[in-house]
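Notes follow once the structure below has been shown.
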Amino acid sequence: MRDPFASSLGCAPRALRVGVCGPVGTGKSSLIALLCRELAADLELAVVTNDIYTDEDARMLRAAGVLDPDRIRAVETGACPHTAIRDDITANLIAAEELEADYEDLDVVMIESGGDNLTATFSPALVDVQIFVLDIAGGGDVARKGGPGIERADLLIVNKTDLAPYVGVDRDQMVTDARAARSGRPVIALSRTDRASIDELTAWVRHQLVHHRDGVLVPQDPGPMAPHSHGDHVHVH
Amino acid sequence: MLLADARLPVAGHTQSGGLEPAVADGLRDVPGYVRTRLTTVTRVDAAAGVVALHHLRQALPLGAVEAAWAARTPSLAMRRTSRAQGKALLRLAVRLWPDAPAVAAVAALDSPSRPAVLASCAAVTGLGPRSLARLVGYDDVQTVASAALKLLPLDPADVACWVHDALPEVEAMAEGVAGLTSPDDIPAAGAPQLEAWAEAHARTTRRLFSA
Ligand SMILES: Nc1nc2c(ncn2[C@@H]2O[C@H](COP(=O)(O)OP(=O)(O)OP(=O)(O)O)[C@@H](O)[C@H]2O)c(=O)[nH]1
Ligand SMILES: [Mg+2]
């Protein structure tokens, strides 16, 4: 008999898989390094990177010294970063499964997508929750541009808020725009220099892990196109 | 359903059929490269697949076939690539045919090669040896061709012509190996330059394709 849930869903004992995507340079690797630093003391972590042309992301994370280098694995995407996280997730799934097999007590596997455009999101068959990262220095209007990641990723990060004064962006307005685009889904205005924002991020991840362990975390699809609701409500964690 | 289809979710987009390191080393004659593969590494793979299919149909153990394939695939990087691709395809085959004995037999191997996994798909779907060999050849040509479009400035229509023009050679290769049944018959057609490129690629830190 075929078991449609055989590979990825409904296996509460395996690690929580967290996807991190967003355009190039918005701070995905930095956010993962930050989470490693913040969470490694009491959680078992591993990372899969999807590099476009080099193993820069994996090397940067290894160099950051936040995790055992063997827990950071790179997959190649054949110049198709979008495909690798959405339509053919095989290489990423195998990397995540191998990490889970090599480190049996893993709590969280973070998967960094190759920096792509605003339309790239993860398949819910690859990750349990996904974080979409925007750079405040990329422009205050980006949150209004919308797209599946901005509107419907499980968490939207407006990153590098410390840069707002230097690039003439109104941080609070950008966060307000982002919230308006997301029908109540969470937004965190993050900066690595802002302790409170870091605590907010780690609390969110820990909360997802609790949901995952309780078996109540159902991966949501930001979808490629128009917004959709599941039944009668929009699911918010 | 097409097993040699880029739309099959088996991470085909991560593969260039060894073209990326070849191009990095200055190769520009892609049709010639494709022909070289068809008479060397791809022929070995096709023959291994055909012999594996025979063993699966006769319910014979596959260990000797895998060993013969490995002995004729001297590059560790190439063996690793084939096993990684085998793993991806096996993942799909297990989902498609969870109860098929041929799939179970290959799944029981330690890191089966891609030809062995393809043979199990052929066994389940009733694909004959010649069709299987043709599939291995055609898939290899298409893998190189679609990677070429990413690696070199080309007109996609020209590349489609290359694929078309390689088909008789695919057919000849398939015909040549279709009758094989014994692991000893698998040709030992090494290609040292392809192997050297594969090894170099496995060590570089700049690459678009996994192999
Ligand atoms: N000022 C400031 N800079 C940051 C912050 N977070 C990341 N950066 C910087 O932003 C740049 C890009 O960060 P990365 O983490 O490499 O971004 P990325 O999204 O992983 O980039 P790609 O993988 O290339 O798409 C680096 O120079 C970081 O140091 C932040 O909170 N504040
Ligand atoms: Mg990065």
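Given the conditions (1) within 16 Å of ligand 1 (Cβ to nearest atom); (2) part of a loop (DSSP other than H, G, I, E, B), and given that A:D57 satisfies all but one, which numbered condition is not satisfied?
(2)
Identify, by number, the condition in (1) part of a loop (DSSP other than H, G, I, E, B); (2) within 16 Å of ligand 2 (Cβ to nearest atom); (3) of a type outside the set (V, I, T) that A:S29 doesn't meet.
(1)
Would you be able to tell me the number of residues in region B:90-102 that are at the interface with chain A (Cβ under 9 Å from one of its Cβ atoms) and among the hydrophobic types (A, V, I, L, M, F, W, C)? Break it down stepwise before answering.
Going through region B:90-102, the residues at the interface with chain A (Cβ under 9 Å from one of its Cβ atoms) turn out to be B:91-92, B:94-99.
Going one step further and asking which of them are among the hydrophobic types (A, V, I, L, M, F, W, C), we end up with B:92, B:94, B:96-97.
Summing the residues that are at the interface with chain A (Cβ under 9 Å from one of its Cβ atoms) and among the hydrophobic types (A, V, I, L, M, F, W, C) in region B:90-102 gives 4.
Might you check whether a residue that is within 14 Å of another protein chain (Cβ to nearest Cβ) and touching a residue at least 40 places away in the same chain (Cβ under 8 Å) occurs anywhere in region A:54-77?
Yes, some residue in region A:54-77 is within 14 Å of another protein chain (Cβ to nearest Cβ) and touching a residue at least 40 places away in the same chain (Cβ under 8 Å).
Scan (1) surrounded by fewer than 22 Cβ atoms within 10 Å (Cβ to Cβ); (2) touching a strand residue (DSSP E or B) at 6+ places or on another chain (Cβ under 6 Å); (3) modelled with pLDDT of 90 or more for the single condition A:A74 breaks and write down its number.
(1)
Tally time: how many residues in region B:65-90 are part of a helix (DSSP H, G or I) and touching a residue at least 40 places away in the same chain (Cβ under 8 Å)?
So in region B:65-90, the residues part of a helix (DSSP H, G or I) come out as B:65-71, B:76-90.
From what is left, the residues that are touching a residue at least 40 places away in the same chain (Cβ under 8 Å) are B:65-71, B:76-78, B:80-81, B:84-85, B:88-89.
Counting residues in region B:65-90 that are part of a helix (DSSP H, G or I) and touching a residue at least 40 places away in the same chain (Cβ under 8 Å) gives 16.
Which count do you get for residues in region B:97-150 that are more than 10 Å from B:A52 (Cβ to Cβ) and among the small types (G, A, S)?
Residues flagged as more than 10 Å from B:A52 (Cβ to Cβ) and among the small types (G, A, S) within region B:97-150 amount to 14.
Identify, by number, the condition in (1) under 23 Å from B:Q85 (Cβ atoms); (2) surrounded by 13 or more Cβ atoms within 10 Å (Cβ to Cβ) that B:R206 doesn't meet.
Status for B:R206: all satisfied but (2).
Determine which single condition B:R28 fails, assuming it passes every other condition in (1) within 14 Å of chain A (Cβ to nearest Cβ); (2) basic (K, R); (3) more than 27 Å from A:L93 (Cα to Cα).
(1)
Within region B:172-196, restricting attention to residues that are under 15 Å from the mean Cα position of the chain (by Cα) and in a helix (DSSP H, G or I), which residue is nearest to B:V23 (Cα to Cα)?
Out of the qualifying residues, it is B:L194.
Quick test for you: out of A:Y53, A:Y103, pick the one residue that is away from ligand 2 (no atom under 16 Å from the Cβ), over 16 Å from the mean Cα position of the chain (by Cα) and of a type in the set (S, T, Y).
Numbers: A:Y53 fails: away from ligand 2 (no atom under 16 Å from the Cβ).
Residue meeting the stated conditions: A:Y103.
If you take the residues of region A:60-70 that are surrounded by fewer than 19 Cβ atoms within 10 Å (Cβ to Cβ) and part of a helix (DSSP H, G or I), which of them is farthest from ligand 1 (Cβ to nearest atom)?
From region A:60-70, those surrounded by fewer than 19 Cβ atoms within 10 Å (Cβ to Cβ) are A:60, A:63-65, A:68-70; that's our starting set.
Right, trim to part of a helix (DSSP H, G or I) and you get A:60, A:63, A:69-70.
Numbers: A:M60: 6, A:A63: 12, A:P69: 18, A:D70: 21 Å.
Going through the qualifying residues, I end up with A:D70.
Residue by residue, here is whether (1) more than 12 Å from chain B (Cβ to nearest Cβ); (2) in contact with a Ser or Thr (Cβ under 7 Å, 6 or more places away or on another chain); (3) surrounded by 20 or more Cβ atoms within 10 Å (Cβ to Cβ) holds:
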residue	(1), (2), (3)
A:I89	no, yes, yes
A:Y103	yes, no, no
A:G114	no, yes, yes
A:T119	yes, no, no
A:D141	yes, no, no
A:G149	yes, yes, yes
A:A153	yes, yes, yes
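When residues of region B:103-115 are filtered for being surrounded by fewer than 24 Cβ atoms within 10 Å (Cβ to Cβ) and either in a helix (DSSP H, G or I) or within 13 Å of chain A (Cβ to nearest Cβ) (or both), how many remain? Talk me through it step by step, then tell me what you get.
First, pick out the residues of region B:103-115 that are surrounded by fewer than 24 Cβ atoms within 10 Å (Cβ to Cβ): B:103-105, B:107-111.
So of that shortlist, the ones also either in a helix (DSSP H, G or I) or within 13 Å of chain A (Cβ to nearest Cβ) (or both) come out as B:103-105, B:107, B:111.
Counting residues in region B:103-115 that are surrounded by fewer than 24 Cβ atoms within 10 Å (Cβ to Cβ) and either in a helix (DSSP H, G or I) or within 13 Å of chain A (Cβ to nearest Cβ) (or both) gives 5.
Suppose we filter region B:2-32 for residues that are under 25 Å from A:I52 (Cα atoms), outside any loop (DSSP other than H, G, I, E, B) and not hydrophobic (A, V, I, L, M, F, W, C); how many remain?
The number of residues fulfilling the criteria is 5.
Quick check on A:A46: is it assigned to a helix (DSSP H, G or I) and either closer than 19 Å to A:L106 by Cβ or away from ligand 1 (no atom under 15 Å from the Cβ) (or both)? Please lay out each step first, then the result.
On the way: assigned to a helix (DSSP H, G or I): no; either closer than 19 Å to A:L106 by Cβ or away from ligand 1 (no atom under 15 Å from the Cβ) (or both): yes.
Criteria not met by A:A46.
Just checking: which of the strands (runs of 3 or more DSSP E) contained wholly in region A:114-194 hold 2 or more residues that are within 17 Å of A:G27 (Cβ to Cβ) and in contact (Cβ under 8 Å) with a residue 60 or more places away in the chain?
A:129-135, A:155-159
Considering only residues that are modelled with pLDDT under 90 and either crowded, with 16+ Cβ neighbours inside 10 Å or at positive phi (or both), which ones fall in region A:8-43?
Of region A:8-43, the ones modelled with pLDDT under 90 are A:8-13.
Of everything in region A:8-43, those that are modelled with pLDDT under 90 and either crowded, with 16+ Cβ neighbours inside 10 Å or at positive phi (or both) turn out to be A:S8, A:G10.
Of all residues in region A:39-53, count the ones that are without any contact (Cβ under 8 Å) to a residue 40 or more places away in the chain and either in contact with a Ser or Thr (Cβ under 6 Å, 6 or more places away or on another chain) or more than 12 Å from chain B (Cβ to nearest Cβ) (or both).
First pass over region A:39-53, keeping only residues without any contact (Cβ under 8 Å) to a residue 40 or more places away in the chain: A:40-42, A:53.
Filter once more, so that each one left must be either in contact with a Ser or Thr (Cβ under 6 Å, 6 or more places away or on another chain) or more than 12 Å from chain B (Cβ to nearest Cβ) (or both): A:40-42.
Going through region A:39-53 one residue at a time, the tally reaches 3.
The values are calculated or read from the model by the stated rules, or taken from the named source; none is laboratory data. Here the structure is a predicted model, which is why all the values come from computation and not from measurement. For neighbour counting, all protein chains shown are included, and Cβ atoms are generated from backbone atoms with ideal geometry for every residue, glycine included.
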